[in-house]
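Trainee: Would you mind keeping the following structure in view while I ask a few things?
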Amino acid sequence: MAASSLISTFFSATPFPTVSLSRRSRFSVSKPLPLPLRKYHYATRLPPIVSALRDSSTSDSLSPYSDDYHSGFHKLFDSFLVLCTSVALSFSLFVTDVDPASAFVVTTPRKLQTDELATVRLFQENTPSVVYITNLAAKQDAFTLDVFEVPQGSGSGFVWDKQGNVVTNYHVIRGASDLRVTLGDQSTYDAKVVGFDQDKDVAVLHIDAPIDKLRPIPIGISADLLVGQKVFAIGNPFGLDHTLTTGVISGLRREISSAATGRPIQDVIQTDAAINPGNSGGPLLDSSGNLIGINTAIYSPSGASSGVGFSIPVDTVGGIVDQLVKFGKVTRPILGIKFAPDQSVEQLGVSGVLVLDAPANGPAGKAGLLPTKRDAYGRLILGDIITSVNGKKVTNGSDLYRILDQCKVGEKVTVEVLRGDQKEKIPVILEPKPDES
């Protein structure tokens, strides 16, 4: 109706020339009045057709041959045309049901490809499970002697279960006096350490958060992964809020050393997804959004992503987390020895693990393994060199750790050593690793 009123006003306000018949000229066009002489009354103006009828009815002569007759007729005809046009336009707007506010607005919806939609959905569904961890250290002011906490590091983690357990890397929480966990909705909670495994760089924290705010991450498997498989890493690099990087699995069964103990971590996943400082402890996901690893390290001289990142496989993490939640520690068997660096043994021209020390109260000391020592003249006397355990060849420290990881506490193993020029087999009963403080 607004459009019809506008059109009616336009046509009625525009002076159309009128055609009249006269005896001197067959056709003549009478010019419209000058603009100042026209009168417009928008508030009380009568409809054009009523005005025309009024003008025609008040003329002195209604003879078909008079000029007034033809002038009134053409006014009536023009008004009728304007009325028909207004009705037609109003009817078309009513039928098509066009919103006046958006009738002239053309919007193009954003179109995403199938793989893009899947990535967006994966990020939206898994972001609430990823947390931001702040490592706080207690510092004392040199002048006032006041003790206060300052952030000394940060990292990522993820919600493991509805009980409030959060999984991250051990090196993220190492040396912390207090820890804070920030969830996806920016709510922050103080965290307590449930337990940690320095050898595998895994730690479990606990927060007292409402159950409705805890979104456990879906747990997958890492035994059937393939090189070239697409993966996604979510974390908080450089202190930034949730960040998504993508890549593929570029290698499997890699081996890295624990940042805390130097003990090797086997079957590590290598990926080219960008992993930067702050991503540590965050999840590595497959295309279905399931957890397949914990982002733990990068290979880069500069400390930034170089396209070679490493993640601890979820199959290794799962067993560790279960033990930490139940017992607060991981029970792992040890021989109870200190051995020489691999480079030193290679310089001696032998293959194996050289025993530097075997405490008497340890498994190896009880079994009779000999450590390296010096005689009365200061000459170095080499200790036993371990060459195999349970028939599995040992060439370096990594081989020894790898074999022990497959054994259990209390298990008796046969250790073959090279003592002088003789080979001997010594039975050793494995004992649990002492608790770390």
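Trainee: According to the square roots a ≥ b ≥ c of the eigenvalues of the Cα gyration tensor, what is the shape class of the range 331-403, taking rounded for a/c under 1.5, prolate for a/b larger than b/c otherwise, and oblate for the remainder?
Mentor: The shape class here is oblate.
Trainee: For the range 278-437, rounded, prolate or oblate, judged on the Cα gyration tensor with a ≥ b ≥ c (square roots of eigenvalues), a/c < 1.5 rounded, else prolate if a/b > b/c?
Mentor: prolate
Trainee: How large is the charge dipole for the range 172-264, taken about the Cα centre, if only the Cβ atoms of Lys, Arg (+1) and Asp, Glu (-1) carry charge, to the nearest 20 debye?
Mentor: Details: 10 positive and 11 negative charges, 57 e Å.
Dipole size: approximately 280 debye.
Trainee: Which pairs break 21 Å Cα to Cα here: Lys366/Lys433; Lys366/Lys412; Lys200/Lys408; Lys162/Lys408? Write out the running numbers ahead of the final one.
Mentor: Details: Lys366/Lys433 15 Å; Lys366/Lys412 13 Å; Lys200/Lys408 17 Å; Lys162/Lys408 30 Å.
Flagged as over cut-off: Lys162/Lys408.
Trainee: What are the ³J(HN,Hα) couplings of the range 205-211, residue after residue, when phi is run through the Karplus curve with 6.51, -1.76, 1.60 and θ = phi - 60°? Round to Hz, x for glycine and proline.
Mentor: After applying 6.51 cos²θ - 1.76 cosθ + 1.60, I find 10, 10, 10, 9, 10, x, 4 Hz.
Trainee: Let me ask something additional. Whole-Hz ³J(HN,Hα) for each residue in the range 379-387, computed from phi via Karplus 6.51 cos²θ - 1.76 cosθ + 1.60 with θ = phi - 60°, x for glycine and proline: what do you get?
Mentor: 7, 7, 10, 5, x, 5, 10, 6, 10
Trainee: So, one more: Which pairs, out of Lys326/Lys393; Lys111/Lys213; Lys373/Lys425; Lys393/Lys423; Lys393/Lys425; Lys192/Lys326, put more than 24 Å between their alpha-carbon atoms? Could the numbers behind the result be given before it?
Mentor: Numbers: Lys326/Lys393 34 Å; Lys111/Lys213 32 Å; Lys373/Lys425 21 Å; Lys393/Lys423 14 Å; Lys393/Lys425 13 Å; Lys192/Lys326 15 Å.
Flagged as over cut-off: Lys326/Lys393; Lys111/Lys213.
Trainee: Among Phe327, Phe339, what is the fewest-to-most ranking by other Cβ atoms within 10 Å? Please list the in-between numbers first.
Mentor: Numbers: Phe327 11, Phe339 23.
In increasing order of surrounding Cβ atoms, one gets Phe327, Phe339.
Trainee: Residue by residue through the range 126-133, which ³J(HN,Hα) values in whole Hz follow from phi under the Karplus form 6.51 cos²θ - 1.76 cosθ + 1.60 (θ = phi - 60°), with glycine and proline marked x?
Mentor: Running phi through 6.51 cos²θ - 1.76 cosθ + 1.60 with θ = phi - 60° gives 9, 4, x, 8, 8, 10, 10, 10 Hz.
Trainee: In what sequence do Leu112, Leu382 fall when counting other Cβ within 10 Å, fewest first? Working shown, then result.
Mentor: Numbers: Leu112 10, Leu382 19.
So the ranking, lowest neighbour count to highest, is Leu112, Leu382.
Trainee: Rounded, prolate or oblate for the range 176-219? Axes are the square roots of the Cα gyration tensor eigenvalues, ordered a ≥ b ≥ c, and the cut-off for rounded is a/c under 1.5.
Mentor: Because a/c hits 1.5 or more and a/b fails to exceed b/c, the range 176-219 counts as oblate.
A short reminder: the numbers here are calculations on the coordinates, not readings from a lab. As the structure is a prediction and not an experimental result, all values here were calculated from the model. Please note: Cβ atoms are built from the backbone with ideal geometry, for glycine as well, and neighbour counts cover all protein chains shown.
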